[in-house]
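Reading through the C-alpha cells given below for one structure.
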Amino acid sequence: MRASRQAKKLLFAILAWGIAMAAFVFFRYAQTQDLPQWAVGSADLATLAIYMGIIFGSLHWMSNLIADFSAINRLPYLFSVLFKGLFLLLGATTLAYITQFLNMWAIENHMTTLRQMLTVHVLYSPSFQALIVYLVVVRMGLAFLEQMALLVGPRVLFNIGLGKYHKPRYEQRLFLYLDMVASTTHAESLGDYRFSRLIQDSFSLLSDTVASNEAEIYRYMGDAVLIHWPLHEGVKDDRCMNIYWEFSQQLNWQRQYFEEHYGFVPKFKAAAHCGQVVAAVVGVQKQEISFFSDVLNTLARLQDQCNPLGQRMLISGALANRLEAEDSDYQLSAMGPVKLKGKQHSIEVFGVTPKRQPD
C-alpha cells in the first residue's frame, strides 16, 4: 500500500512538472521563429517538455521521499524547502549541459567531446538563468500546495478549491474517534513540553495507517484525533477498525523508544459511529470543512463507555449493521443496549477485537 501511495505521488509530480515545463517550453521557444539547433520541428519541443517534466518530477518526488524518511522533516520548513531545491538545481544544471551537448552534437556532426561540453559556460547563459527563476517559482508554488494539503488534508483542499461545500450539503459519513488512555495522568507526570512531544511521536505513527486505509483526519483535539470517511468507503475492507488496531501495533513496535523517552508506551481507546451529517465550509480568515450532526455527539458519548465496558474499541449498532461481517478479521461482541449520557434512548453497542491477535 505504501508503494502504491508513492507511485501516485510520483505520477502527480511528473504530471505537475510536465505541465509546468510545457508552459516553459511554449513561452521560451514556440513564440519565436528561431528553434534550437537540435530541434527540427514542434515535435522535438514537445519531447523536450516531456523529458524535462519526467526529470524534474522525479527529482521533486525523490527529494520529498528523502525528506519524509529522514530527520529533515523535523527541521524548520524553510530548510526542508532549501534541501528540496538543491535537487532541482542539480536537475537544471544537468539539463543545461545535456541541451548544450545536443547543440554541439548538431553543429560538430557528432564529433563533440566531453571536455568541450564541460568547458561551455552554460551557467551564465540567459536561458539557463531564466530556467532557474522559473524553477524557483514552480517549486515554491508546489511547496505551498503540499504544505496546505498537509495542514487541511488533500481532499479537503481539493473540495474547498472546487467550492463543493460552500453551500451546506447532506452526506453519509463514518467517524472514528481515538483518545489517549490516562492522558491527564501522563500530562501531569511528563509536563507540558514532554507531553506534547509524546503526542507528536504517537500521532506521527498514525499517518501511514490513515493513508493506507483511505481515511482523512478531520481534527486533532489535544490527545485525541477524529478520523472520517464517506460511509461506503469506511466500511470497506474493515478500514474503520484496521486503523485503531494497526496504530496500536505500531505503538507496540516502538515500545523501546517510548519506554526510553517517556517511561511507558501510550495506549489509546477508540469508538466508531456513522450516520447523516451536514458538511459545510465555515470561517473567513481560516476556512475548514465542518460536520454538523448528532452523530459526533453520540460518538463522543460512545467513546466514554470504553472504560466502563472494559473494551478498547466500541462501535455502534448502526455501524455494525453495515460492516462486511463474513470476511472480517474482527470479532464483534454485543454489549447490549447502552444508555449514553445525555441521550434519551439506548443504542446497541459492540466491542471489537481481532480474530487473530497481532504480534
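Just one of K339, K343, K355 is of a type in the set (D, E, K, R), more than 31 Å from the chain's Cα centre (by Cα) and open to solvent by 40 Å² or more (accessible area, probe 1.4 Å); which is it?
Working: K343 fails: open to solvent by 40 Å² or more (accessible area, probe 1.4 Å); K355 fails: more than 31 Å from the chain's Cα centre (by Cα).
On inspection, the qualifying residue turns out to be K339.
Output the number of the condition that R312 fails; it satisfies all remaining conditions of (1) within 14 Å of L178 (Cα to Cα); (2) crowded, with 20+ Cβ neighbours inside 10 Å.
(2)
Each row is one residue, and each column tells you yes or no for (1) buried (at least 20 other Cβ atoms within 10 Å of the Cβ); (2) over 25 Å from G351 (Cβ atoms).
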| position | (1), (2) |
| --- | --- |
| M221 | no, no |
| V225 | yes, no |
| N252 | no, no |
| R255 | no, no |
| F258 | no, yes |
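Only one of these is in contact (Cβ under 8 Å) with a residue 60 or more places away in the chain and open to solvent by 50 Å² or more (accessible area, probe 1.4 Å): Y170, Y165. Name it.
Y170
Which ones in the range 299-308 are open to solvent by 10 Å² or more (accessible area, probe 1.4 Å) and not charged (D, E, K, R)?
Passing the criteria: A300, Q305, N307, P308.
The values are calculated or read from the model by the stated rules, or taken from the named source; none is laboratory data. Note that this is a predicted model, so its numbers are computed, not measured. As a convention, Cβ positions derive from the backbone with ideal geometry for all residues, glycine included, and neighbour counts pool all protein chains shown. Side chains are part of the model used for accessible areas, which takes the heavy atoms of the whole protein and leaves out ligands, DNA and RNA. Shrake-Rupley method; radii C 1.70, N 1.55, O 1.52, S 1.80 Å.
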